[in-house]
Amino acid sequence: MNRRREHPPVPGLQAAIVVLGMGFADAALAEPVVESPAPRHANFDTGYLLPRDSLVLEFGSHQTGPDKGDGTGIQLYHGGVDRRGSGRLQFGIDAQVFDDPPVSAIGGSLDNVTLANVGAHLKVLLRSDARMDLAALAGLEYFGIEPDATAGDDWIHGAAATLKLPASFRVGPDLRLHLVPGVTVFPDRLEGYEFLGTNVHMGVGATWQPGPRLQAYGGVTASVGPGGNTLDADGEIERRPVWTAGFRYAVTPRVALDVFATNGLGMSPATDLVTLFPGGDEALFGLKLSYAPGARGEVRAAYGVDAPSPVTPRDRQLARAGFTLSSADTLSPGQGQLGLGAGSDDNAALALRFSPDHAIQIEALIEDYADDGSVGPDRNPSQDARYMFGGRLQFLDRNNGDAFSLSAGLLAGRDVERPTTGVLFADLAASRDIGAATAVTINPRFAVFGDEEIGGLGLGINHAFGPNWQVIGEVTPVSGGEDAVWAAGARYAFDAAPASLDLFATNAIGRHGLGTLVAQDSARIGVGVSFESRLFRR
């Protein structure tokens, strides 16, 4: 279904992406890690560890519905890495950030609250047999709280520790039950204010795995004190059960996607007891992507991966995104791409894209949108540069028997400088050849932030002149009566390296995410360069 692109390494690109934690060497594991019982379901631990000699990277976010905290809801971003060697020890690092007002007033205040924490945990397998897996987990985390960034309040710092004894019991071929006793210790007071204190807690849950690729789960954790795990509307410490329900699906032998709901705010071992404040009654909905390097090639037939067709230079050209439109194709497994861009009106962008497996792509972007003074905060809320994380799934591939290529992408991000505004961006890209040298793209896109919603239908054409030159034209009519976004220019593909150079004109304020849906009054000139490199072999 997805094509394989063979490129020699580009000096510097592989190192850059590895430093950012996105590229790892393969391990010849006996089975896909994403099919094994999960050591942790969202914010609920189990008695299992990762398979031996495996590594997992995770990132995701969860948020309220759009009726809370303006259009994008109230969001928390989280990420982490877990590693198990050949023994009974598993080590992990977690980080998360929250930068929103509370879901409703606390003590009459809806001031923005910034939370950030980073920590490490160690999990030890104590017992494993056909019926039971028992582990001990210890974690220590640092956290910082800024009550109101707009008022310049100082950060409040603290630490939290947790100890758990998660046990998982196999009660049937597809069903496992979990029992998770533990204690989590927060400070009793912070800056003179009462805080969460010590919480003894007990969790109960279940996992149903009807097949290797699907795990459905649910769990509830209750604190019995003496401290608490949330704030009420008066700012008093209370205790509320934390519930979680969702499913995990192995999209590929290396990648799993979790879709879940919870009333919990924290996603790390020491903060997973904390609910969204105040009260802990609001549901949050989340996505989490798990990437596990290493899977044996012979398992891939179960995922519908057939022998790929040969890839032409033209196919490689069309795999790169346009000036404002997305590509309908994902990178080949093991490929990384670095994109750099700059333009008039102070536009600058950096994009990292990486394919961990067949038909899936992970993206990390940062961009400072152009500003000619004509765009207000109702269309561009960014005060400074904006970072975005997300990914793309490819469903159809014209190079391997489908009538056209089709993929979907999702990005979430915020401003670098606080106070920040969260933006969600989603798109669907479809492309089709209409001749040996011409391809057309249809790219509906949608962005939401605050109480603003912007949609557009992108239309693009790419025509090749010989093996190196392409001319690209794009236009996107935009909802709400706003000016259409357009871009036109040329791209040169180098023979000596898997790289390309762009020169174009556009009225879009950016090349990625929300910036591709917002037009400024004046046209501007942009340049870009992108490189691709193989980061690992399958």
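Before we move on, is residue 283 at pLDDT below 85 and surrounded by fewer than 20 Cβ atoms within 10 Å (Cβ to Cβ)?
Considered against the rule, which asks whether it is at pLDDT below 85 and surrounded by fewer than 20 Cβ atoms within 10 Å (Cβ to Cβ), residue 283 comes out as no.
Residue 403: closer than 28 Å to residue 316 by Cβ and not in a strand (DSSP E or B), yes or no? If you could, list the steps in order and put the result at the bottom.
Numbers: closer than 28 Å to residue 316 by Cβ: yes; not in a strand (DSSP E or B): yes.
Criteria met by residue 403.
Please work out which residue is least open to solvent (accessible area, probe 1.4 Å), limiting yourself to the range 480-493 and to residues that are in contact (Cβ under 8 Å) with a residue 24 or more places away in the chain and either in a loop (DSSP other than H, G, I, E, B) or more than 20 Å from residue 327 (Cα to Cα) (or both).
Looking at residues that are in contact (Cβ under 8 Å) with a residue 24 or more places away in the chain and either in a loop (DSSP other than H, G, I, E, B) or more than 20 Å from residue 327 (Cα to Cα) (or both), I get 484.
Give just the number: which of (1) modelled with pLDDT of 90 or more; (2) surrounded by fewer than 19 Cβ atoms within 10 Å (Cβ to Cβ); (3) not β-branched (Val, Ile, Thr) does residue 107 not satisfy?
It is condition (1) that residue 107 fails.
From the residues in the range 229-243 that are open to solvent by less than 10 Å² (accessible area, probe 1.4 Å) and part of a strand (DSSP E or B), which one is farthest from residue 289 (Cα to Cα)? First the steps, then the outcome.
To start, the set of residues in the range 229-243 that are open to solvent by less than 10 Å² (accessible area, probe 1.4 Å) comprises 229-230, 242.
Applying the additional criterion that residues be part of a strand (DSSP E or B) yields 230, 242.
Working: 230: 27, 242: 22 Å.
Ranking the candidates gives 230 first.
Tally time: how many residues in the range 183-208 are of a type outside the set (Asp, Glu) and either open to solvent by 70 Å² or more (accessible area, probe 1.4 Å) or over 16 Å from residue 45 (Cα atoms) (or both)?
15
Suppose we keep only residues that are in a strand (DSSP E or B) and more than 22 Å from residue 503 (Cβ to Cβ) within the range 522-538. Which one would you say is modelled with the lowest pLDDT? Walk me through it before giving the result.
Of the range 522-538, the ones in a strand (DSSP E or B) are 522-534.
Still in the list and also more than 22 Å from residue 503 (Cβ to Cβ): 533-534.
Values: 533: 86, 534: 79.
Top of the filtered list is 534.
Do the conditions hold for residue 124, that is, is it of a type in the set (Val, Ile, Thr), within 23 Å of the chain's Cα centre (by Cα) and assigned to a strand (DSSP E or B)?
Details: of a type in the set (Val, Ile, Thr): yes; within 23 Å of the chain's Cα centre (by Cα): no; assigned to a strand (DSSP E or B): yes.
No, not satisfied.
Take residue 84 and decide whether it is crowded, with 21+ Cβ neighbours inside 10 Å and basic (Lys, Arg). Walk me through how you get there before you give the answer.
Working: crowded, with 21+ Cβ neighbours inside 10 Å: yes; basic (Lys, Arg): yes.
Yes, satisfied.
Which of the residues that make up the range 494-538 are crowded, with 20+ Cβ neighbours inside 10 Å and among the aliphatic types (A, V, I, L, M)?
Those that are crowded, with 20+ Cβ neighbours inside 10 Å and among the aliphatic types (A, V, I, L, M): 508, 509, 514, 517, 518, 519, 535.
If you check 408, 430, 412, 439, which single one turns out to be assigned to a strand (DSSP E or B), open to solvent by less than 40 Å² (accessible area, probe 1.4 Å), touching a residue at least 40 places away in the same chain (Cβ under 8 Å) and more than 30 Å from residue 495 (Cβ to Cβ)? Break it down into steps so the answer makes sense when it comes.
Working: 408 fails: touching a residue at least 40 places away in the same chain (Cβ under 8 Å); 430 fails: more than 30 Å from residue 495 (Cβ to Cβ); 439 fails: more than 30 Å from residue 495 (Cβ to Cβ).
After applying the criteria, what remains is 412.
How about the range 179-200: which of its residues are in a strand (DSSP E or B), under 10 Å from residue 161 (Cα atoms) and either among the basic types (Lys, Arg) or within 31 Å of the chain's Cα centre (by Cα) (or both)? Give the steps one after another, and end with the answer.
Filtering the range 179-200 down to residues in a strand (DSSP E or B) leaves 179-185, 189-190, 193-194, 198-200.
If we keep only those that are under 10 Å from residue 161 (Cα atoms) too, we end up with 183-185, 198.
Listed by number, the residues that qualify are 183, 184, 185.
Among the residues of the range 88-101, how many are open to solvent by less than 30 Å² (accessible area, probe 1.4 Å) and either more than 28 Å from residue 421 (Cβ to Cβ) or not acidic (Asp, Glu) (or both)?
First pass over the range 88-101, keeping only residues open to solvent by less than 30 Å² (accessible area, probe 1.4 Å): 90, 92, 94, 96, 98-100.
The next check asks that each one be either more than 28 Å from residue 421 (Cβ to Cβ) or not acidic (Asp, Glu) (or both); those that pass are 90, 92, 96, 98.
Total meeting the criteria: 4.
The values are calculated or read from the model by the stated rules, or taken from the named source; none is laboratory data. Here the structure is a predicted model, which is why all the values come from computation and not from measurement. Cβ atoms come from the backbone with ideal geometry, glycine included; neighbour counts cover every protein chain shown. Ligands, DNA and RNA are stripped out before the accessible areas are found, and what is left, the full protein with its side chains, is counted by its heavy atoms. Shrake-Rupley method; radii C 1.70, N 1.55, O 1.52, S 1.80 Å.
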